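We did not get these values from a lab; they are worked out from the coordinates using the rules stated. Note that the structure is a prediction, hence the values are computed from the model and not measured. Cβ: placed from backbone, ideal geometry, glycine included. Neighbour counts: every protein chain shown.
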Amino acid sequence: MGAAVSGAVAIVGAGPSGCFLAQALLKARPDLCVDLYDRLPVPYGLVRYGVAADHQGTKAIIRQFERLFERQGARFFGDVEIGRDIGLDALRARYDVVALTAGLSEDRRLGVPGEDLPGVMGSGAVTRFLNDHPDASEPGPLGRRVVVVGAGNVAIDIVRLLAKGPEELEGSDLSARAAGWIAVGGVEEITLLARGQASAAKFDAVMVKELGRLSALRIEAEAEGEGPAAEALRAVAGRGAGPKRLVFRFGAVPAAIEGEGRVSALRLASGEAIGCDAVVTAIGFEAGDNLGRDALLAGAEDAGRGRIAPGLYAAGWFRRGPRGTIPENRAEAQEVAALILADLGPGRAAPPPPPGAVDYEGWRRIDAAERAGAPLGRCRAKIGDRGAMRALAAGEEVSP
């Protein structure tokens, strides 16, 4: 029998949205059973695998999430995929409430001819590889000239990591494999294309200014209009005298990607062709899981607030699409938590752990091994193999 509690809540997705939701629920009702499920053997989702490897300050929010499991009593069940290991209906039968907070994992397509050519890669695929995601594969060679399409922080993350020198990656968790992929590419020129004008760009000004401090980079930008991003771009334009050139292009609409067997140019709607060896698209994400997101939300009675059906809720990108920062996810999670608590009935006992799941203690063993294995100049050496993760979680010895 499960422990005596006043209600049981399952959260599908142990990334920031799921963790914030669990925090809000347990702060208001410490007597609840709150279980976070993730298809990966490790928690923290987007913070671990989406935040850039050199932004450890942002990743530090994990310390706050650790208190969720260590002090507030939440349980973690990793390596459990809803729809594969347990159906959504079966999960709902075990809990009073199920909240879906899984992320959106598929890169949005440009929708132009030639985007399936070798050398065209989505920012999500690139970011997962750079963060040693267990499902990631090496995206293929970059070459000397790279075009990044996008006007948000993900595009800036990609540009920054491609532009940094080895000494500027000190303290990150970028693996030798990922650093080697960037270095072998021999990137000399990066062009960042945005459909809109600089005044409409979604870059955080602080991230643009960070580019201006890179030793290997020289920056060219014509940023017209007002707004923090445009002002930051004007401040860094003309900066640097390094060997790598970064050019910002605004009002540039991709029309086609050209090449014989591999990308060789990106053609704009204006007719101009920009020669390149690789194109990285950073234009957003969409659902790629088996939870049936679109159908669930289409039939939802109150999806705008986070209620899909009685006892079934959604938060984060799963609910509102690929927009919003980590702090915005916190605010939204508090609103959805209030909705859940208002709806929650008398409740039931905590269900037993699903068989074979990696629990929080298992994750702590993985975490300890990654920290202990960190090479000089890095804060950890991420383990990117599911089998090795599971073995470590079970307390087995794993060869480096």
Estimated FRET transfer efficiency (residue 398, residue 234; beta-carbon r; R0 45 Å; 0.05) = 0.35
Residue 167 to residue 359: extension gain in nm, 0.36 nm per residue of separation minus the Cα-Cα distance?
-> 65.5 nm
How high is the relative contact order of the chain, in percent, counting Cα pairs under 8 Å that sit 6 or more residues apart?
-> 24
Nearest-20 debye value, the chain charge dipole, Cβ charges on Lys, Arg, Asp, Glu = 580
Region 60-171: spread of alpha-carbon positions along the three principal axes, whole Å, largest first, is 54, 38, 24
Counting only DSSP loop positions in region 194-246, the GluC sites (Glu not before Pro) whose Cβ has at most 10 other Cβ atoms within 10 Å are 226
What length, rounded to one decimal in nm, is gained on full extension from residue 220 through to residue 386, with 0.36 nm per residue of separation minus their alpha-carbon distance?
-> 55.5 nm
Note the count of lysine pairs whose C-alpha atoms are less than 23 angstrom apart in the chain, limited to pairs 8 or more residues apart or on different chains.
-> 10
In Å, the Kirkwood hydrodynamic radius of region 1-122 over pairs of distinct alpha carbons?
-> 16.0
Label region 98-148 by shape, choosing from rounded, prolate and oblate, from the square roots a ≥ b ≥ c of the eigenvalues of the Cα gyration tensor; if a/c is under 1.5 it is rounded, and otherwise prolate applies when a/b is larger than b/c, oblate when it is not.
-> oblate
Kirkwood hydrodynamic radius (C-alpha pairs) into Stokes-Einstein, the chain, 10 °C and 1.306 mPa s, D in µm²/s | 71
